[in-house]
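J.: Starting off with a structure, shown below.
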Amino acid sequence: MTEVLSSPSQFLQGMQGSSLPVVVAHAEGRAEFSEGAFDALQQREMIAMRFVDNHLQATDKYPYNPNGSLRGVTAFCNEDGRITIMMPHPERLFRSVQYSWKPKGWGEDGPWMQMFNNARKALG
């Protein structure tokens, strides 16, 4: 499960505060930081997503955080939000039929479709 954090990411606009299931295909993507780098990214709101546990708390523990990144971080963006990088694979969950369970009101699109709609809008 991931939590979308407040960031300038153009791809994640309007999704801040969401806790969403996401597909992880491997345990790669572990983010490691030099001293002070994590705090600098956090201060500038460049950490865009993090893995959370069943209580929606950021976690370093497997299986909730499959790669063991500090405080569950799994997505970053640059300062103006035009570039976003992430380890999980939301492209595998953009339709609601791709979920094992979904609320009745979802319709055809899953919540990750917003990220792709945002990308299209940002790229004009």
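The values are calculated or read from the model by the stated rules, or taken from the named source; none is laboratory data. None of these values were measured; they are calculated from a predicted model. Cβ atoms come from the backbone with ideal geometry, glycine included; neighbour counts cover every protein chain shown. Accessible surface areas use protein heavy atoms only, side chains included; no ligands, DNA or RNA. Shrake-Rupley method; radii C 1.70, N 1.55, O 1.52, S 1.80 Å.
J.: Among the residues of segment 24-52, which ones are within 23 Å of Gly14 (Cβ to Cβ) and surrounded by 14 or more Cβ atoms within 10 Å (Cβ to Cβ)?
T.: Hits for segment 24-52 are Leu41, Glu45, Met46, Ile47, Ala48, Met49, Arg50, Phe51, Val52.
J.: Moving on to the next point. Provide a single number: the residues in segment 22-44 that are assigned to a loop (DSSP other than H, G, I, E, B) and more than 30 Å from Tyr99 (Cα to Cα). Can you show your working first?
T.: Filtering segment 22-44 for residues assigned to a loop (DSSP other than H, G, I, E, B) gives 22-36, 44.
This time we only want the ones that are more than 30 Å from Tyr99 (Cα to Cα), so: 32-36, 44.
Going through segment 22-44 one residue at a time, the tally reaches 6.
J.: Please name all residue pairs, on different chains or six or more residues apart, with Cβ atoms under 8 Å, provided the first residue is in segment 90-117 and is open to solvent by 80 Å² or more (accessible area, probe 1.4 Å) and the second residue is among the acidic types (Asp, Glu) and not in a loop (DSSP other than H, G, I, E, B).
T.: Between residues of segment 90-117 that are open to solvent by 80 Å² or more (accessible area, probe 1.4 Å) and residues that are among the acidic types (Asp, Glu) and not in a loop (DSSP other than H, G, I, E, B), the close pairs are Arg95/Asp109.
J.: Quick check on segment 11-21. Is at least one of its residues in a loop (DSSP other than H, G, I, E, B), without any contact (Cβ under 8 Å) to a residue 60 or more places away in the chain and open to solvent by less than 40 Å² (accessible area, probe 1.4 Å)? Give the derivation first.
T.: As a first pass, look at segment 11-21 and keep what is in a loop (DSSP other than H, G, I, E, B): 11-18, 21.
From the residues that got through so far, the ones that are without any contact (Cβ under 8 Å) to a residue 60 or more places away in the chain too are 16-17.
After this cut, where a residue has to be open to solvent by less than 40 Å² (accessible area, probe 1.4 Å) as well, the list is none.
Within segment 11-21 (the criterion being in a loop (DSSP other than H, G, I, E, B), without any contact (Cβ under 8 Å) to a residue 60 or more places away in the chain and open to solvent by less than 40 Å² (accessible area, probe 1.4 Å)), the answer is no, since none of the residues qualifies.
J.: Can you confirm whether segment 12-26 contains a residue that is over 14 Å from the mean Cα position of the chain (by Cα), within 26 Å of Met113 (Cβ to Cβ) and not polar (S, T, N, Q)?
T.: Yes, because at least one residue in segment 12-26 is over 14 Å from the mean Cα position of the chain (by Cα), within 26 Å of Met113 (Cβ to Cβ) and not polar (S, T, N, Q).
Yes/no per residue for (1) over 14 Å from the mean Cα position of the chain (by Cα); (2) open to solvent by less than 30 Å² (accessible area, probe 1.4 Å); (3) over 20 Å from His26 (Cβ atoms); (4) not small (Gly, Ala, Ser):
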site: Leu56; (1), (2), (3), (4): no, no, yes, yes
site: Lys61; (1), (2), (3), (4): yes, no, no, yes
site: Phe76; (1), (2), (3), (4): no, no, no, yes
site: Ile85; (1), (2), (3), (4): no, no, no, yes
